[in-house]
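The structure under discussion appears below in the form of structure tokens.
The values are calculated or read from the model by the stated rules, or taken from the named source; none is laboratory data. Model, not experiment: these values are computed from the prediction. So basically every Cβ, Gly included, is an ideal-geometry build from the backbone, and we count neighbours across all protein chains shown. The area values use the complete protein model at the heavy-atom level, side chains included, leaving out ligands, DNA and RNA. Shrake-Rupley method; radii C 1.70, N 1.55, O 1.52, S 1.80 Å.
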Amino acid sequence: MLYFVARRLVSALSVVLVTLIATFTLFFVAPTDPAAAICGDRNCTQQRYNEIKRNLHLDRPKVQQFAEYTAGIFAGRTFETAGVKQKCPAPCLGFSFKNDRPVYETLKTRLPVTVSLVAGYAVLVLTIGVFVGSLAAKRRGTMGDRALMTSTLVLSSIPYYIVALMISLYLTILYPILPRSGYTPLTENPGKWVAGLLTPWLVLGIYNCTQYARFSRGSMVETLSEDFIRTARAKGLSDRVVTYKHALRSGLIPVVTIFGLDIAGSLAGAIFTEKIFDLPGLGNLVIDSLNNYDLPVIMGTVLVASVFLVMMNFIVDIAYSLIDPRVRLA
């Protein structure tokens, strides 16, 4: 088991390193000009342009720039703006000259919002999706099965942003059935934290649980026809024990894969949800940074997103071995 974890950890670190190189190449080595993008087309004098290049260290060789950027992640860096040196402590993911602060500080203030959104969404999507899928699998071929699967297909066929906009408009503004969205830190007021995120949780969770219901049903239908399930029934175990104790554990394996990648992608930025419900998370930050050509923030967000993806893949690999003992033997 330790060898398995060590192997996966080395693989995860190598992926992060490759992502770091690719991201740096995309923003600073490719035929683009970050200094010109930051300076802007209007009122960008040559003096201002040269100052930005010097402050970003873009006038140095590319290899040296990459070495300084990588070293800054572990040891921090020092940037200069308007003749004033500013410290960017580790982990330094760059310095935003649009808001005059380190990228990591910006991400640190936005990340709790996205984590809170995804945490509630994860609970809803997994519990509702797996429950509905298991229920449909137990009643395979019946009217209840067809009704559940048809409803999930109808809901998932509607674009998500339309569903979110309609609920935001009609159920929170015109007819305030659901509470208005907003973010209050959990440590300040847990009640307001739940109330402000309840509507985004419900919209995001119920909409995306449709795909989990279909995956769970397909996996459970296949598992319920396995030999060990017939053996469990032959021993006299109740249908509930066979379904939710024996079959569900084996049937969760493909769902765990989808869930891990889905959560990582959501942590990278639930753009539509945060924009529609006006939540100051990573998704909103990415859109604002694109509009402002704030390349250091975009690059830092890409790196954080890649770390989330790698971490969730690592956790999924470990979860495999806990859910299915055959994975450990392999």
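Take the conditions part of a helix (DSSP H, G or I), open to solvent by less than 60 Å² (accessible area, probe 1.4 Å), without any contact (Cβ under 8 Å) to a residue 60 or more places away in the chain and on the phi < 0 side of the Ramachandran plot and apply them to G120. Does it pass?
no
The rows are residues; the columns are (1) under 23 Å from S156 (Cβ atoms); (2) open to solvent by less than 40 Å² (accessible area, probe 1.4 Å).
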site: P190; (1), (2): no, no
site: L198; (1), (2): yes, no
site: N208; (1), (2): yes, yes
site: D227; (1), (2): no, no
site: L252; (1), (2): yes, no
site: V256; (1), (2): yes, yes
site: I271; (1), (2): yes, no
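Check whether at least one residue in region 61-79 is open to solvent by 50 Å² or more (accessible area, probe 1.4 Å), in contact with a Gly (Cβ under 8 Å, 6 or more places away or on another chain) and not aliphatic (A, V, I, L, M), and report yes or no.
No, there is no match, as no residue in region 61-79 is open to solvent by 50 Å² or more (accessible area, probe 1.4 Å), in contact with a Gly (Cβ under 8 Å, 6 or more places away or on another chain) and not aliphatic (A, V, I, L, M).
Within region 229-243, can you find the residues that are open to solvent by 80 Å² or more (accessible area, probe 1.4 Å) and either part of a helix (DSSP H, G or I) or among the hydrophobic types (A, V, I, L, M, F, W, C) (or both)?
Within region 229-243, the first condition is being open to solvent by 80 Å² or more (accessible area, probe 1.4 Å), and the residues that meet it are 230, 233-235, 240.
Of everything in region 229-243, those that are open to solvent by 80 Å² or more (accessible area, probe 1.4 Å) and either part of a helix (DSSP H, G or I) or among the hydrophobic types (A, V, I, L, M, F, W, C) (or both) turn out to be R230, R233, A234, R240.
Select from region 222-255 the residues that are modelled with pLDDT of 80 or more and under 15 Å from G129 (Cβ atoms) and list them in ascending order.
Within region 222-255, L248, V255 meet the criteria.
Is region 158-165 home to any residue that is more than 22 Å from the chain's Cα centre (by Cα) and either open to solvent by less than 50 Å² (accessible area, probe 1.4 Å) or touching a residue at least 60 places away in the same chain (Cβ under 8 Å) (or both)?
There is no residue in region 158-165 that is more than 22 Å from the chain's Cα centre (by Cα) and either open to solvent by less than 50 Å² (accessible area, probe 1.4 Å) or touching a residue at least 60 places away in the same chain (Cβ under 8 Å) (or both).
Taking G141 and the conditions (1) loosely packed, with under 15 Cβ neighbours inside 10 Å; (2) at positive phi; (3) touching a residue at least 60 places away in the same chain (Cβ under 8 Å), which numbered condition does it fall short on, given that it satisfies the others?
(3)
Return yes when R7 is open to solvent by 90 Å² or more (accessible area, probe 1.4 Å), over 23 Å from E105 (Cβ atoms) and within 25 Å of the chain's Cα centre (by Cα) and no when it is not.
For R7, the condition - open to solvent by 90 Å² or more (accessible area, probe 1.4 Å), over 23 Å from E105 (Cβ atoms) and within 25 Å of the chain's Cα centre (by Cα) - is met.
I need a count of the residues in region 36-48 that are open to solvent by 50 Å² or more (accessible area, probe 1.4 Å) and assigned to a helix (DSSP H, G or I).
3
Just give me the residues in region 123-138 being more than 30 Å from E274 (Cβ to Cβ) and surrounded by 21 or more Cβ atoms within 10 Å (Cβ to Cβ), in sequence order. Break it down into steps so the answer makes sense when it comes.
Step one: filter region 123-138 for residues more than 30 Å from E274 (Cβ to Cβ), giving 134-138.
Matches in region 123-138: S134, A136, A137.
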